[in-house]
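The next block holds one structure in the form of structure tokens; read it before the comments.
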Amino acid sequence: QVQLVESGGGLVQPGGSLRLSCAASVSIFRIYAMGWYRQAPGKQRELVATITSGGSTNYADSVKGRFTISRDNAKNTVYLQMNSLKPEDTAVYYCNAALNSISYWGKGTLVTVSS
């Protein structure tokens, strides 16, 4: 069983920055891949970024160059640094971890980009 708790969401103006955190209840050293997904109102959940235990990253085209995913194995935490935020980045952001063929999700944190 893996519990994931996201934090760091909030209201930010266009062009601003936020850093999301995802704290895991287990050592993430054991978890091959962790990621961030988001779901905007009326839309399907979509991949934002993933990172493997080896540090390989993958990003959605819409966030490349603006978002950075990282992981701190010592703190069992994955981060998403979001810069140059746009109104279309408004969504609930979810943390995901896959362990032993089971996919775990956090409850999400809301990011609102608005002036």
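The values are calculated or read from the model by the stated rules, or taken from the named source; none is laboratory data. For clarity, every value in this text was computed on a predicted model and none was experimentally measured. Heads up, the Cβs are rebuilt from the backbone with ideal geometry, glycines too, and the neighbour counts pull from every protein chain shown. Protein only, heavy atoms only, side chains kept; ligands, DNA and RNA dropped before computing areas. Shrake-Rupley method; radii C 1.70, N 1.55, O 1.52, S 1.80 Å.
A few points about this structure:
- Residues in the range 21-60 that are farther than 12 Å from Tyr79 by Cα and either in contact with a Cys (Cβ under 7 Å, 6 or more places away or on another chain) or among the basic types (Lys, Arg) (or both): Arg30, Arg38, Lys43, Arg45.
- Residues that are in a strand (DSSP E or B) and within 16 Å of Arg19 (Cβ to Cβ), drawn from the range 95-115: Cys95, Thr109, Leu110, Val111, Thr112, Val113
- Selection within the range 25-41: residues that are modelled with pLDDT under 95 and out of contact with any helix residue (DSSP H, G or I) (no Cβ under 7 Å at 6 or more places or on another chain). The member of this set that is nearest to Gly106 (Cα to Cα) is Ser25.
- If you go through the range 34-52 and keep only what is assigned to a loop (DSSP other than H, G, I, E, B) and open to solvent by 60 Å² or more (accessible area, probe 1.4 Å), you end up with Pro41, Gly42, Lys43, Gln44, Arg45.
- Some residue of the range 64-72 being out of contact with any Pro (no Cβ under 8 Å at 6 or more places or on another chain), part of a strand (DSSP E or B) and among the charged types (D, E, K, R): yes
- Subset of the range 61-109 (residues that are open to solvent by less than 60 Å² (accessible area, probe 1.4 Å), touching a residue at least 60 places away in the same chain (Cβ under 8 Å) and of a type in the set (Phe, Trp, Tyr)): Tyr79, Tyr93, Tyr94, Tyr104
- When the range 1-18 is filtered for residues that are open to solvent by less than 60 Å² (accessible area, probe 1.4 Å), within 19 Å of Arg71 (Cβ to Cβ) and of a type in the set (Val, Ile, Thr), only Val2 remains.
- Checklist (1) in contact (Cβ under 8 Å) with a residue 60 or more places away in the chain; (2) touching a strand residue (DSSP E or B) at 6+ places or on another chain (Cβ under 8 Å); (3) closer than 16 Å to Lys86 by Cβ applied to Met34, failing item: (3)
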